[in-house]
Each structure stands twice: as C-alpha cells, then as structure tokens.
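As structure tokens, the structure follows; a few thoughts come after it.
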Amino acid sequence: MTAQYLSFGALALVTLWSAYKVVTARLITHAALWMALSFTSVSGIFLMLQQEFIAALQVLIYAGAITTMIIFAIMLSSIREIRVEPQEKRSIGQRIRASGLLAVVVGLVFAAFMTYVYYVSEIPKEAVPDAGLLTVRQVGATLFTRFTVPFEVASILLLLAMIGAIILTAKETE
Amino acid sequence: MQLPIYFPLGLGALLFGIGLWGALTRTNAVRILMFIELMLNGVNLNLMTFTRYYYPENATGPILTLFVMTVAAAEASIGLAIILQIVRNRGTVEVDKVDLLKG
Amino acid sequence: MEQTRELLINMGPQHPSTHGVLRVLVKLDGETITWAEPDIGYLHRCFEKLSESKTYTQVIPYTDRTDYLSAITNEHAFCLAVEKLMGIEVPERAEYIRVMMAELQRICSHLLGLGAMALDLGAVTGFLYAWRDREKIYSLFERITGGRMLYNYLRIGGVRNDLPEGIIGTPKDGRDKADKTIWGFINYFESYVLPEWDDLLTNNRIFQWRTQGVAPLPSEVAIAYGASGPVLRASGVKWDLRKNVPYSIYDRFEFDIPVGKENGDCFDRWVVRVEEMRQSARIVKQALQWLAENPGDYIAPKLPRVLKPPKGEVYIRYEGSRGEVGVHLVSDGSANPYKVKWRSPCFTHLQLLPVLAPGHKLADMIAIIGSIDIVLGEVDR
Amino acid sequence: MEPLDIRPDLEALKAAYPAVEIAEAATGHFDIRVSLDQYLDVVKFLKDRGFNYPACITAIDWKDRLELVLQLYKLVVGSRQSPLVMVRVDGLPREGAEVPSVTPLYPGLNWHERETYDMYGIRFQGHPDLRRILLPDNWQGGHPLLKDFEDKRPRRPRLVRHRDMIVSG
Amino acid sequence: MSLADLWAQHWFRAFVTGSLVLVFALGNFYITLWLERKESAWIQNRLGPMRAGPQGLLQVLADLFKLLQKEDIVPRNVDRILFLIAPFIAHIPALLIFLVVPFGPNMVVADYDIGIIMIAAVTSYAVIATFIAGWGSNNKYSLLGAMRGAAQMISYEVTLVMSVIGVVMMAGSLKLSDIVLAQAERGVLGWYLFPQFIGFIVYLIASLAELNRAPFDLMEAESELVAGYHTEYSGFRFAIFLLVEYVHMIAWSAIAATLFLGGWVGPTPADIPVIGPKLFGWMTGPVWDNVWGFFWFLFKTYLLIFILIWIRWTFPRVRIDQLMDLGWKFLLPVSLFNIFLTGVMKYGWNVLAESGSPLRWIFWLWR
C-alpha cells in the first residue's frame, strides 16, 4: 500500500521538478534535457497505471523522437547565441511578467479548480479492482476495427507534417 | 490501485499548469514548443488515469493517447520547421522580436 | 541571410593518414572541400647541398633516404647516371641482380602504398596483410644486403657483393620458403598474395564505393602536371620509362604495362598498382631464370678508388616505384659532384592535390592522398 | 616502337630563332642555349611542336653567374628513346635574377619554379604564387644552394661526449 | 522469512534478477572484449594478447586497471553535470534491453507483452546520451561528431524496428518469450532466420550502424579528425564508454539470437533419438532445461558477436552520404518489402494449408 504512494510521490516529484526546470533553465539545451527527464518520469507513472504499451510509446515518441527533434532544432536555429542568453536589466513590470507570477496563479487556480471538481463530483474515488488488464492485442484489434478511419486520418496527418517540414526547411541544393 | 484518483489527475493538472505558465512567460520559440509538449503530456496523463481507474478493459483510452501522441509529433515537427524558417529569415528566435505585422 | 561559415582546418603535420609529415590546409563548406593547399618542407634535409660536399660513392646512401620506401630504385637511378656520365660498362650479372632487386623493391613499395591506403579507408586487415608480405621481402633483402629498408647495396659499376648462397632457391619452392628464397617468395606472392588482394579489397563493395569516381584525372591534365608512374598510367596514358626510354637491360625482359581508363580515379590507380606488382613478379622470375642458368661469380669492374668523371652533364629518366625519377648530374671533373638535382615524382604529384580535392568530401581527401601514394622523404628531399 | 627523331623540330626552331645555339650533348640529350628575352618564345615554340611533358626546371650556380635549365621531352605513347631537350638560359646575375615563368604553359613546373626560387633566388615573373616552398616561411638565411652560402645562424657549442671535450662551432 | 516467500516479494525478485542481468552484461563484456582482440588478431594472422594470463585472458583486466589509474581529466570550461552523467545515461539503453530478453525457458527478468516496442523505446536514449556527451565536452568537433552520430542512429533506428516487424508478424506476439516458443513449435530448424532472411540481413546492417561499429564507425573516423563525441573523456570515464559500446553489442546480438535464431531453444543431449534418454536421461527436468537453454542462448549470441567482429575487421569505412543513402534509400524500402512479403506468404499459407495442393509448399517456409 505505502509502496504505491512512495513510488508515485517520487515520480510526481521528479516530473514536477523537471517541468519547473524546463521553465527556469538558463540554457535552452538544458531545458530540452530537463524535458526529456520529465517525459521519462511520466512514462514511469504510466507504468504504475499498468499501461506498459503507452509507457513504451511515451518513451519512444516523446523522450526519443520529439526530444531529439527539438535538440536538432536548437542546434540549427541558434548556433550563435546558444552560449548564454543575455540577462539584460529588465523593468519591474517585465520582471513580474517574466517571473510568471500571473501564469503561476492561473496554473494554480486551474489545478485547484480541477481538483475541487473531482472532489465534489460523485465520481467513485476508489479504483475498480484490478479487472482483466488490457493486452496489446486488444488495443491493436480495436485500433484496426473501430478506429480504422481515425487511424488513416492520423497517417495522412503524419504524411502532411513530413512533407510540410521538408518543404519548409529544405535548402535549395543545386 | 489503492492510490486515490485525484493524485494522478492532480499531477496531470499541475503538469498542464506548468506548461501553461512556461508558454506564457518564456519568449524563445523552441522553448514554447517544449511547453506545448508538456501540456499534451498532462492531457495524456489525465486520459490514462481515467482509463485505468474506470474503464480498464476498454481500449479507447490507449488508442486516444496514441492519437494524441501522433498529433503531438506531427505538430512538433511542423512547429520546428516554421521556427527554422523564422530563424532563417528574421535571424532571431525570440518570439516578441518577430513582430512584422505589428501596427 | 543564410551565411554558411567556411571551416578552415589543417590536416597534419601529425595526422594518421598523411603518410608522414605533410600538412594540408583544407577549407570546408559543411562536408565538401572547397580549397586545399599542401604545406611541405617539414622533412627537408637538403639532399643537394649535402651531396655537393661528398664523393660520388658517398652520395649513394643519401639517395636511399629520398624515397625511403623504395631505396634500391633510387640507388639504381643514381648509379646509372654516373655510369652514363663516365661511360662505365656494368657486368651482365650485376645488371641482372640490380634489375631483380629493383623489381622486388617495387613490389615491396607498392605493398606499403596499397596497405597504407587501405588503412586510411578503414580496412585495417588489408594493412596488416601488406606488412606481413613486406616482412618476407625485408628478410630476403637483409640476407642479400645486410639492411632491411635502406641498403647502400649498389655501387657505381655494379653491386657491393654477390648474392649469398641458396638465396635464389628452385622454382618449386613454395610458401614455406617465402622468406628464405626469392623463388619461394615469388611463387607465394603470385599464387597466394595477389588473389588475396583482389578478394579482400579490389572486389570489396564498400572499398569500391569509397574509391570509384573519386578524384578523376584526365590524361591531358596528368601530362600537363607532369604526373608519371601509376598515377599517369591510371589516367589511360601507356607510358612506362622501362619500355619507352629503356635503360639498363630492361629491353631483354618482356612484361606489359597496366593502364587505367581515360578519367582514371582512385580505384584505377589502385588497380594499376596491384597489376604492376604482378608484372614486377614476372620480371623477377625472368631475371631468376637467367641468374640460375649462368651462375658464375660476380667480377667487379676495375675502377679507380676515387672516381673523377669528366666534366659534363647528364639527365637520366628512371621508372621509380612512384613515378619518373630524374637525376640531373653536373660534374666539373673533381671527385665531388658539382650539382645533383633529384626530380622526385611525389613532389610533382602533390601538386595534383589542389586540383583533385575540391568538390569532394573530407573523407575522400584521405582516399586521394592514399591513391597518389606520396612519400614525404622524396617530396621534401 | 620506332626511335623518336626530333631533329626536324630543332631545325625548325633554328630557322625560327637564328640566335639560338643547338648542340647534342655526348650523354644523349639536346642543349638549346637561349638568351633571356627569347626564352619564353622558344619554350612556347617547343610546346607547339609537341614537347608536352615538363620534366623539371632547375638552376646551376657557376660561381660567377647562374644558369637556368628547363628540361622537356615529348611524351608520345608508343615512342622509344624520346630524347630530352634542355633549354638553357646562361649569364643570369647571382642576385635578383628575373626570368619569365613557364607555369602558365606547364602547370607541372609550378612547384619546381618555387623550389628554384627558394634555393637559388631566381624570381619568376608571372608565377601564380611565388613564395618559399621547402624552407620555413620565416627563413632569412638567403638561398642555400648558392655556392657561397654559409649558415649565419648563431652556433651552439656542440657537446661531443665520448671525447670528453667540447668541440666548439 | 524463508527464502520462498522472500522470493515472492516483488522487490526482492526484481533486485536479484536485476543484479544477475548486470553480472551477465559485465561478464560478457569482459569476454567480448577479449574475443574482439583475439579474433581480430586471428583474422590478421597474428597472435593477439598472449602475455597477460593464459591466452591473454587477463588482458582486458589489465586494460581496465590501466584506464582506472589514468587521470580522469575533466576540462575546465566543460558543461560539468552533462559531461559527468553522459556515460551513465549511455548505459540505460544497453542494460534495459536485457530486461526483456529471455535467457532460458523461464529465465526472463520482466516479460512485458510489448517486448520489441520496449526495446525500440529504450534505444532512443542512446541518441540523447550521444548528444549529452557531445554537447557536454564543449568543443566544436565533438559536438559535430555527436550530431552526426545522433543523425546516424536515428535514421537506422527506424530501419531496425521495421526489420523486426516481420518476425512479430510470424510469431503473432510482441512478447519475446512467445516469439521463442513460436520458433520452438516450428520444428527442429524452425528458426525465423530462414523465412525472415531479408529481415535478418537488414537487422544486422542496421544494428551495426546503430552501434557505430565496423563499416559505419564514422564517429571516430578520420573525417572528424577527432575521436567523435568521446574525445574529451579520459581515464575510467572513457572505459565506461567502451563498456557501453560492447554491452550494447551484446544486447543487440542477444536480441538477434532471440528473434531470428530461436533464443534458448536447442536440442539437448537427452533428445538424441536412440541412446539419448538412456544415457543423458538424468539431464532433463526444469533446472537442466534452464541450463541447456542458457547454453544455447549464449552459443547463438556469441555466434552473432563473432560475425559482428568479423565484419568489423574486413570492411573499410563508408562515407557519410553513402551511409545515409544506404539507410534511407535501400534498407528501409527493403525492410518494408519484407513486411509485405511476410504478410502475403502467411496469408497464402493460411489459405492453402489444408487444400493439400502442391502449391502450398511455396508458402511452407512462412507457415
């Protein structure tokens, strides 16, 4: 019983701390690596929720592909001022906006509101006992039976994204 | 799962909150994309918590998360391509300096 | 707005694949080379100035050190120049010994050139196979001349000493006698080593990827830039000084000249060298047959202790293992040569680098340097 | 493989430039003595006559004057005994000799001319990149292959251990 | 607290099996490094390390001690944290792969039913580790090397996963132990190597590129003039990178052995038709099955390691653009074709299996 709390507490702490560091990291490359860490810990939480398939996908897509893509973008986009972002003097107003007081408040309010809604609503708090867990085979089956159209649309979306990215970034090689 | 439901849900919300806070404060375009990814992560977490707590045998949860992830990947690649073009034409990646349409 | 910064890097002088102390300044645009300039002189030992204060016989060890990978061919070139200047008649047995040694030395130097190129392209095993076979030749040379790499074996008018007992061996010697008798080595070389080179590297898919189409050299450019030897022949020019401007007794041997195609690239230069090794083995075999038929011991010609060639000038062209070695000898009648100009092929071939390299990738630069097979001792003299 | 005969070319050269002396040396090559101003024209003439292969260019220091020697020959595939031609320009001053460069005609002599400049001090006009090639770029010790060259660098006493005495200089 | 119910404790089982896997990885690293030296020597007909210990067995120990006592220089203006943690992050993919690999009949640490996707997911960390090492050492060349290495790994990761899908289609499950059992049912030589030969070849090439080894070791090749992203590392930190490379190699060949060569399935002495049961009857039973299973697993893994080392010492290096062309324009289409081929063949067998027509023997291989 306490093991679950313990592990969830640890993973949650890591996720939130790395997410916070993504915002406050001085160097953008560090931010990218903190993001990778947060993705990994979220995948840990998925494992806790006994969803191995989604945990593996999370690592594969988020921690692997998207992080690398962002790192490549960082390298290509700002080779020049990558070293240190200039910390020029900023007025009080800017500093407040930069420190994100406003946004933190919005975020907290949002989080508080959501937890209030869960708490008040009559959604059963206790989880359904460990019913037959989902196997990958079932997910695959429903994916290709009930969700074939969304699946095709998603693949077209990916194709479009690829073509768009290539057209946008391809240098005119002679 | 003896963990009450609003623990993971709370975490998802907080994750979303931090993403939102980052997106609103930072000015580097690439970093804002990172925050969008964080927000989507928060969404995924919510999705999976509900699936695990209330409909564990139903496969729509993971499939929907799968779709969210594909959309996230596609969006990230297009976003980064656009950012590269901005860098190539405007020379900067700071969002508030890219104000060509300003009145 | 997109400004690509050109990266100026310099390869060498300490670089694993520049065959000695060569420094090449390279400008890179991303991965492709836009400009390359070799910077030489790190191994300059003023061979000409030294030889002006030495007698003719004392100069011979210096000629070993110019192209230190094929010492016998350098000595042979210098001795031919002096003998032509003085009109000395070299005994026939000495001529045959010289030709046999020169061709063995050519095989050995080609082995090293090919091995080094293979190593640069990543085929470490090819490199070590070349070393293994070279060792066998070195042990043969050690028994004949006493030295492994630099011999000081030839003398003006002949050779220092006759071949030791049993070094020639019988045509039936096989692989086990490869480092004991010359016949053994030649049979081993032809039956085992050459086919191995073809399977291991020449027909190796990735090797062909890395060398075919890299640095094509048209024949006019090759001639205009004074290229010679394997580099010239790989560009389709059938020009071998042993056949076209015959010296010594090369006209008694029959061997053919391997030639590449019109725009010879790195791969052709490689194939021409491998084929040349085969032809050199043929020449050595013919020389061995002659030496076997008339054993006789070697009678050195009677020459004064200190040679004083008549006043005059001579320029002989010799087919060294890397190209046309030119010895321009000026003598003023005294015991020391007045001027010894060493026209070295590697010095001339290195001029091709700025012509061949641009447009290729940096990794190709290594293949190009390997294929023109330069030795810094001869470049810097 | 018949022996290549270049006599007609030499007669044509003699006809075109009477001031040129052509002699066949005992050791089998042809010497063409040319004056400095006709040097480039003669080389162009020979190139048109088919002397396409640049063997080497060097200089000889006859103690009172410098002599420039350019060696060419016809690289004709299948020919035999293609004789070598030495175009010689004599009487060059020991310092500051100016000679037109043949690199535009024969790119192969580019480095050979730079080496001759490096060793003898003969300047070649029209050479694309005339600077020292073998000696270090910051070498001030003059041109080493001249007969009267002595090394002016400071001498360190040479320590000869086995004769337990210091041999100076 | 008897051992039995201690074993029932989830955390204790995880701890024991995890450390066993670690011991397996390090032990095999030791042997693979020694094998690489010996095999390269054998190929180049020299002797290889002979002095340290019998047949040079202690040579690897000597190397590790040498690297241990070497000064571990951390350059001054380097990105300290990244520089220090890079080698350890590089370990994640190498060791996590062993979680899913079945060493014996029931010797598998955590048998996820998404085995192969888990492997693909974990290997994406190798790219991040390369980047961290390159970025951490803060010099332009290692950064260039790291970016090039990352690009190479990504483009070959796709091909790697595609080449394995053929096997998954044949076995019908992602779980590695199911795949091995499926191969066991297919009879004596029912390995997936034969029907999936294209997949196997593509897998081999792609794993070579993923490991930055053999013909694709662009990273520490002359083109960068430097030793790739781990230039600045010295002393034991460099030894850890070496460890990572070899453990990664073992991991990939272990997967290949499981997927294509039928993992731990192999004839035991007891199966010899006539005299087997009498002579070696005592060798049957659950424990012995595990022993023989582990033996066959190791045998096949080392067979593939032998091939990887063999390829390394015979092929020259490939150029960077040829590498990318090969990956995207040749290997990926070929692996997609293999998937298509497997689908058709399996469908063909399902249709014709009972019909008894001679035609079905074409599809027999994909039954």
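Taken over the stretch B:5-103, the percentage of Cα pairs per 5 Å bin, counting from 0 up to the bin with the maximum distance, is 3, 13, 17, 18, 17, 12, 8, 6, 4, 2, 0, 0.
Of all alpha-carbon pairs in the stretch C:172-285, indicate the percentage at a distance above 26 angstrom.
Values: 1959 of 6441 pairs.
Distances greater than 26 Å cover 30 percent of the Cα pairs.
Computed from the Cα positions only, the extents of the stretch C:7-380 along the three principal axes stand at 66, 51, 34 Å, in decreasing order. Largest GNM mean-square fluctuation across B:Gly12, B:Gly42, B:Gly91, computed for chain B with C-alpha springs under 10 Å, falls on B:Gly91.
For the peptides D:84-92, E:66-74, A:52-60, the ranking by packing is A:52-60, D:84-92, E:66-74, with the highest mean count of neighbouring Cβ atoms within 10 Å listed first. P(r) for the stretch D:7-136, from all Cα pairs and a bin width of 5 Å, is 2, 10, 21, 24, 20, 14, 7, 2, 0, 0 %, short bins first.
Look at the stretch E:123-135: the mean tally of other chain Cβ atoms within 10 Å of its residues' Cβ atoms is 5.
For peptide E:305-314, what's the mean number of Cβ atoms from other chains within 10 Å of each residue's Cβ?
On the way: counts 0, 0, 0, 0, 0, 0, 0, 3, 5, 8.
Going residue by residue through E:305-314 and averaging, the value is 2.
Debye calculation, C-alpha points only, no solvent: report log10 I(q)/I(0) for the stretch A:1-83 at q = 0.17, 0.27 Å⁻¹, in the same order as the q values. For the stretch A:1-83 at q = 0.17, 0.27 Å⁻¹, log10 I(q)/I(0) is -0.71, -1.22. Spin-label pair E:Arg360-E:Glu185: with each label point 7 Å from Cα along the Cα-Cβ axis, the two points sit 1.6 nm from one another. So which of C:Lys243/D:Lys74; C:Lys261/C:Lys361; C:Lys238/D:Lys47; C:Lys49/D:Lys152 end up more than 18 Å apart, counting from Cα to Cα? As for pairs spanning more than 18 Å Cα to Cα, those are C:Lys261/C:Lys361; C:Lys238/D:Lys47.
Let me know the mean shielding of D:138-144 by other chains, meaning the per-residue number of their Cβ atoms within 10 Å of its Cβ. Could you put the intermediate results ahead of the total?
On the way: counts 0, 1, 0, 0, 0, 0, 4.
Mean number of neighbouring Cβ atoms from other chains: 1.
Protection proxy ranking, highest mean first, for peptides E:13-21, D:74-82: D:74-82, E:13-21, where packing is the per-residue count of other beta-carbon atoms within 10 Å, averaged.
Could you list E:His91, D:His112 in order of exposure, starting from the residue whose Cβ has the fewest other Cβ atoms within 10 Å?
Details: E:His91 20, D:His112 26.
Least crowded to most crowded, the residues run E:His91, D:His112.
Assigning unit charges at the beta carbon (Lys, Arg +1; Asp, Glu -1) and nothing else, what dipole magnitude in debye, to the nearest 20, does the stretch E:206-362 show about its Cα centre? Display every interim value, and only then the final one.
Numbers: 10 positive and 12 negative charges, 96 e Å.
The calculation lands at about 460 debye.
Average projection, convex hull of the Cα set of the stretch E:247-326: 7.6 square nanometres. In the stretch E:74-366, one over the average inverse separation of all distinct C-alpha pairs is 20.5 Å, which is the Kirkwood hydrodynamic radius.
Given Cβ point charges of +1 (Lys, Arg) and -1 (Asp, Glu) and nothing else, what value in debye, to the nearest 20, does the dipole of chain C about its Cα centre take?
Working: 46 positive and 49 negative charges, 190 e Å.
Dipole of chain C, to the nearest 20 debye: 920 debye.
Extending 7 Å from the Cα toward the beta-carbon at both B:Ile82 and C:Arg305 defines two label points whose distance is 9.6 nm.
For the stretch E:67-84, 3J(HN,Hα) computed residue by residue from phi via the Karplus equation (6.51, -1.76, 1.60; θ = phi - 60°) reads 5, 4, 8, 6, 5, 8, 6, 10, x, 5, 8, 8, 6, 3, 4, 4, 4, 7 Hz, glycine and proline entered as x. Each peptide among E:168-180, D:93-105, C:317-329, D:13-25 gets the average number of other Cβ atoms lying within 10 Å of its residues, and from highest to lowest they stand as C:317-329, E:168-180, D:93-105, D:13-25.
The base-10 log of I(q)/I(0) for the protein assembly as shown, evaluated at q = 0.05 Å⁻¹, reads -0.49 [Debye formula, identical scatterers on Cα atoms, solvent excluded]. Think of it as helices only: each DSSP H run of n ≥ 4 in chain B is worth -39500 (n - 2.57), and spread over all residues that comes to -26500 deg cm²/dmol at 222 nm.
Pull out a ≥ b ≥ c, the square roots of the eigenvalues of the alpha-carbon gyration tensor of the stretch E:119-174, then state rounded if a/c is under 1.5, prolate if not and a/b is larger than b/c, and oblate in the remaining case. Taking the square roots of the gyration eigenvalues as a ≥ b ≥ c, the stretch E:119-174 is prolate.
Think of each Lys and Arg Cβ as +1 and each Asp and Glu Cβ as -1; about the Cα centre, that makes the dipole of the protein assembly as shown roughly 1780 debye.
Springs join every pair of Cα atoms under 10 Å in this Gaussian network model of chain E, and among E:Leu352, E:Leu303, E:Leu144 the largest mean-square fluctuation is at E:Leu352.
Determine the shape class of the stretch C:242-381: with a ≥ b ≥ c the square roots of the Cα gyration tensor eigenvalues, call it rounded for a/c under 1.5, and otherwise prolate if a/b is greater than b/c, oblate otherwise.
Values: a/c = 2.91, a/b = 1.37, b/c = 2.13.
Verdict is oblate for the stretch C:242-381.
All Cα-Cα separations within the stretch A:134-174 were binned at 10 Å from zero, giving a P(r) of 26, 30, 22, 15, 7, 0, each value a whole percent of the pairs. Placing a label point 7 Å from the Cα of C:Tyr298 along the Cα-to-Cβ line, the residues of the stretch C:40-83 whose backbone N sits under 15 Å from it are C:72-73, C:75-77, C:79-80.
Every number in this text was worked out from the coordinates using simple rules, so none of it is lab data. Note that the structure is predicted; figures quoted are calculated from it, not measured. Please note: Cβ atoms are built from the backbone with ideal geometry, for glycine as well, and neighbour counts cover all protein chains shown.
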